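Visitor: Sharing a structure, written as structure tokens. Questions coming.
Here, each number is a calculation from the coordinates, and none is a lab measurement. Remember, predicted model here, so these are calculated numbers, not experimental data. Every residue, glycine as well, gets a Cβ built from its backbone with ideal geometry; the counts of neighbours run over all protein chains shown.
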Amino acid sequence: MPSTGLLGEVNDGLRQIFFGLNPERIMSAATSNGIGRFALDRGARYAKERQVWGAPIGTHQGLAHPLAESYVHVELARLMTSKAAWMYDNGLDAGEASNMAKFAAADASVEALDRAIQIHGGNGMSTEYGLADAWGFARVLKIAPVSREMVLNYISQHSLGLPRSY
Ligand SMILES: Cc1cc2nc3c(=O)[nH]c(=O)nc-3n(C[C@H](O)[C@H](O)[C@H](O)COP(=O)(O)OP(=O)(O)OC[C@H]3O[C@@H](n4cnc5c(N)ncnc54)[C@H](O)[C@@H]3O)c2cc1C
């Protein structure tokens, strides 16, 4: 590797790893957002098509409101993801925004997916609909690449100025 390939300073390599964590969190958030949008699309589509006792099940607020609420949560997560990506692209400190985006997007996608599965009833667990299959990957993004607890530790310490807890 020629010296022009050096990232940062010699003997300070670990810092370069940390520079990679924010974009990793932003990409993780974007992945969750995609799953969330997929779930909302499939949930809304099925709620319009599926008829029980002569009415589309989307007529019922018991199904419509949870999906609408998840739409709000996914859109908010997408907005925070855009903010984090913009800050990173513009060389600003994107730590807080990246963590918040990752946290919000993972939670929103799992929530949306769970609600879309519920709307599908028994079909929600059928592999043909692709929802139950997505759940494992969506769920792991609440743990990796950083767990929601460590995001909350970061925000407690860096955003709220609370004492470090670990
Ligand atoms: C499929 C997969 C892919 C992964 N990919 C990546 C990756 O790309 N990059 C990467 O860096 N890591 C990755 N990881 C690792 C991931 O970051 C860890 O699994 C995660 O940080 C939790 O660590 P742990 O599994 O060792 O659990 P533990 O450290 O044993 O923690 C167990 C639980 O306790 C909570 N906990 C631990 N300490 C505290 C504390 N001080 N305060 C509050 N709660 C706490 C944790 O949040 C977790 O819920 C991946 C993990 C998996 C499963």
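Visitor: Please compute P(r) over all alpha-carbon pairs of region 29-156, binned at 10 Å starting from zero, and give each bin as a whole-number percent.
Guide: Spelled out bin by bin, region 29-156 gives 14, 39, 28, 14, 4, 0 percent.
Visitor: Could you give the length gained on full extension between residue 10 and residue 126, defined as 0.36 nm per residue of separation minus the Cα-Cα distance, in nm?
Guide: Between residue 10 and residue 126, full extension yields an extra 36.4 nm.
Visitor: Could you work out the relative contact order of region 29-156, using alpha carbon pairs under 8 angstrom and six or more residues apart, expressed as a whole percent?
Guide: 32 percent
Visitor: Measuring from centroid to centroid over Cα atoms, what is the spacing of region 136-156 and region 1-78 in Å?
Guide: 13 Å
Visitor: A further question follows. I want to make sure I understand the PRE zone here: with the label point 7 angstrom from the Cα of residue 50 toward its beta carbon, which residues in region 99-129 have backbone N atoms less than 17 Å away?
Guide: Answer for region 99-129: 111-129.
Visitor: Now for a different question. Mean projection of the alpha-carbon convex hull of region 12-72 over all orientations, in nm²?
Guide: Mean projected area of the Cα convex hull: 4.8 nm².
Visitor: So for region 109-166, considering every pair of alpha-carbon atoms, how many percent are separated by more than 13 Å?
Guide: Details: 1086 of 1653 pairs.
Looking at region 109-166, the distances longer than 13 Å represent 66 percent of pairs.
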